[in-house]
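Contents: one structure, followed by commentary.
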Amino acid sequence: MSLTNHRAITPGPGDNPGTVPRDAVRPAGGRQPAVRLTGVSKRYGSGPSAVLALDRVSLTVGQGEFVCLIGASGCGKSTLLSLVAGLDAPSAGEVAVGGRRVAMMFQEPGLMPWLTVTGNVELALRARGVPRAQRRQRTEDLLRMVRLAGFAQRRPHELSGGMRQRVALARALAHDADVLLMDEPFGALDAMTRDLLHDELDRICEEQALTVLFVTHNVREAVRLGDRVIVLSSRPGRVIEQYRVPADGPREINSPQNARLAGAITERLREEMGRHGH
Amino acid sequence: MAIDQALDGLDRLELEPEPPRAERGRLARRAWAAAWPKLLAVALVLAIWELVTLSGWKHYVLKGPGPVFSDLWGQMQHAQLWSTIGVTLRTAAVGYAAALVIGSVVGMLVARIPPLRAAVGSIITGLQSMPSVAWAPFAIVLFGENTAAIMFVVILGAAPSIANGLITGVDYTPPLLLRVGQTMGLRGVARYRFLILPASLPAYVAGLKQGWAFAWRSLMAAELFVSIIGQVSIGQLLNVDQQNLDFAGVSSTIIVILVIGIVVDTLFTKADQSIRRRRGLLQAGAGG
């Protein structure tokens, strides 16, 4: 499949057009690229008060790959997801998703409080124009997938935080997306629930062959879930390091291998944060 | 331990246990718990009223609860009272319906179009705080002494509150939900139908409730002002009783006005509570 640019924007003043992005990051061997960012910058505001959120970020996520983005505050992680989702346009560079459907999940579930669990999932199907007859069946399948079939008629406020986030996942999957963007989706959950949801997310991504770009503050979570962990610098956000998670390692948040890798990444992050200290 | 089993167990632990089904005895107790403060308040008012009457203060105007309620009972046996209530309620219903349409359309337009908001947003709030009966003399000149004049006053009383309720609701749609809608691809009419309007509903209903309160008081004032030949409204009934020095009649008419106001307001409160309960904005069992 060839990548088509869904937006191409000329570099803004102050960027150096023509410089080769120094941090092009490629996916693990032989995967088709699904998401490709080339020299992407994002600037908010203009003049002297402008803030550079992302600075010439280049990054490729392979088809079916699970990539975690990690960085301290102000590294533009959420900005990056917004650009990939098409909610915002880059100031320079290009973002290509090759016409793939992109779905997004946020830290808060963002469920419609006036709709039941079923209604929330169905709304996403309806927005896509899925005919009514198919919506019911598809919703049931999706709720079974996130193990909430027994709670179809509940309203969001009657669910626990973890369950709400699973409804949000079902709703994101209802987009029939190839690419799932997740912005700290488990950040507000307790550790026990989060660990269980890691297993669930693993299973679902495998089943659905999803490409995932996952933003988190939690290094262990990144190592637990990702095929690759990409470390961003802060203000402006740049790719400063990437780590490949061994594919044959145990998928267990507290395994010694994970802890070792997480330790190395944490060290790198601290070094980066120290750059901003006095 | 399989994940699904652990997850299922966690789900059940995290959910609040289902409240036990209300049995008949419990239902009666709950009804009593809701009713006794109201009954007590009514009894207190009646007692104070009776005491004031017994003291003989302005005895030619102030009639006690006994004569007033027997007058009311007597009036309720006659068609006159019911046709009077009918005339007033018809004006209220038509006027409120017109205010609903006008307020909703204006509210939607103002919420959607920023220049329009800058132009008329503060005028709406100004109209809302203005006692709309101030328009009555103007309305009489404009429409003559007829129902249209009364309707005009009622609409000016209710429509600004309804418009403002809708505008508030649209403004306070949570930004996260708007972002979610954007990622879903909800655009144009669908965005309003499935996202912004349902999200605005609680504030809109609050506006409707306030609109009713303003409509009802505007209507009473306007009816006192505007006498229509061949048509007796509640306001006119008050006028007639006063002119005939029938003060028991005046008092029973006041009770009728109060009761109608309370009954309709209760309907709005119930609607408001059921919306809030469904959205988890109200604790189960709260409110009366």
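Read-outs throughout are calculated quantities, based only on the coordinates presented, and are distinct from any laboratory measurement. Remember, it's a predicted structure, so these values are computed and weren't measured experimentally. Glycine gets a Cβ as well: all are built from the backbone with ideal geometry, and neighbour counts include every protein chain shown.
Please give the per residue volume of the convex hull enclosing the alpha carbon atoms of the stretch B:62-198, rounded to a whole number of Å³.
188
On a full-extension model of 0.36 nm per residue, what is the gain between A:Gln257 and A:Arg100, subtracting their alpha-carbon distance, rounded to one decimal in nm?
Full extension from A:Gln257 to A:Arg100 adds 53.1 nm.
With a Cα-only, solvent-free Debye model of the stretch B:1-140, what are the log10 I(q)/I(0) values at q = 0.09, 0.14, 0.18 Å⁻¹?
Normalising to I(0) and taking log10 leaves -0.78, -1.04, -1.11.
Let's test the formula: R0 of 25 Å, r as the Cβ-Cβ distance of B:Ala33 and B:Ile255. What FRET efficiency results, to the nearest 0.05?
Calculated value: 0.45.
Please sort B:263-276, B:240-253 by packing, taking for each peptide the average over its residues of neighbouring beta carbons within 10 angstrom, highest first.
Final packing ranking: B:240-253, B:263-276.
Could you work out the mean count of beta carbons from other protein chains within 10 Å of each residue's beta carbon in B:3-12?
5
Evaluate peptide A:161-168: per residue, the Cβ atoms of other protein chains within 10 Å of its Cβ; return the mean as an integer.
For peptide A:161-168, the averaged partner shielding equals 2.
Once you list every other residue whose beta carbon is under 15 Å from the beta carbon of B:Leu178, what net charge do they have if Lys and Arg are +1 and Asp and Glu are -1?
That sum, taken over residues with Cβ under 15 Å, equals +2.
How much of the calculated P(r) for chain A lies past 28 Å, in percent of all Cα pairs?
The answer is 38 percent, as a whole percent.
Given a 10 angstrom Cα cut-off, can you work out which residue in B:Ala159, B:Ala93, B:Ala79 is the most mobile in a GNM of chain B?
Of B:Ala159, B:Ala93, B:Ala79, the most mobile in the Gaussian network model is B:Ala79.
Quick one: give the max-minus-min coordinate of the C-alpha atoms of chain B along each principal axis, largest first, in Å.
Principal-axis extents of chain B (Cα, largest first): 84, 57, 32 Å.
Order by neighbour count: B:Ile262, A:Ile253, B:Ile162, fewest other Cβ atoms within 10 Å first, most last.
With the sparsest Cβ surroundings first, the list reads B:Ile262, A:Ile253, B:Ile162.
Based on the alpha-carbon set only, what is the convex hull volume of the stretch A:111-177 divided per residue, in Å³?
73
What length, rounded to one decimal in nm, is gained on full extension from A:Arg203 through to A:Glu140, with 0.36 nm per residue of separation minus their alpha-carbon distance?
In short, 20.9 nm is gained.
Please work out how much length the chain gains when fully extended from B:Val61 to B:Lys270, using 0.36 nm per residue of separation minus the C-alpha to C-alpha distance, in nm with one decimal.
Gain on stretching B:Val61 to B:Lys270: 71.5 nm.
If we count other beta carbons within 10 Å of each Cβ, what is the order of A:Glu108, A:Glu271, fewest first?
A:Glu271, A:Glu108
What is the spin-label model distance, in nm, from A:Glu271 to B:Ser70 if the labels are put 7 Å beyond Cα along the C-beta direction?
Using points 7 Å along Cα→Cβ, the separation is 10.0 nm.
If R0 is 22 Å, what FRET efficiency do you get for B:Val52 and B:Val240 from their C-beta distance, rounded to 0.05?
Efficiency computed from Cβ-Cβ geometry: 0.30.
Starting from the eigenvalues of the Cα gyration tensor, five times each then square-rooted, give me the equivalent ellipsoid semi-axes of the protein assembly as shown, largest first, whole Å.
Largest first, the protein assembly as shown gives 63, 29, 20 Å.
Provide B:Phe138, A:Phe151, A:Phe186 in ascending order of the number of other Cβ atoms located within 10 Å of each residue's Cβ, fewest first.
In increasing order of surrounding Cβ atoms, one gets B:Phe138, A:Phe151, A:Phe186.
Ranked highest first by the average count of other Cβ atoms within 10 Å around their residues, in what order do A:99-106, A:255-262 fall?
Averaged packing, sorted descending, gives the order A:99-106, A:255-262.
Taking B:Lys38 as the anchor, which aspartates and glutamates have their alpha carbon closer than 20 Å to its alpha carbon, excluding any fewer than eight residues away along the same chain?
Answer for B:Lys38, where 20 Å is the Cα cut-off: B:Glu50, B:Asp265, listed by chain and number.
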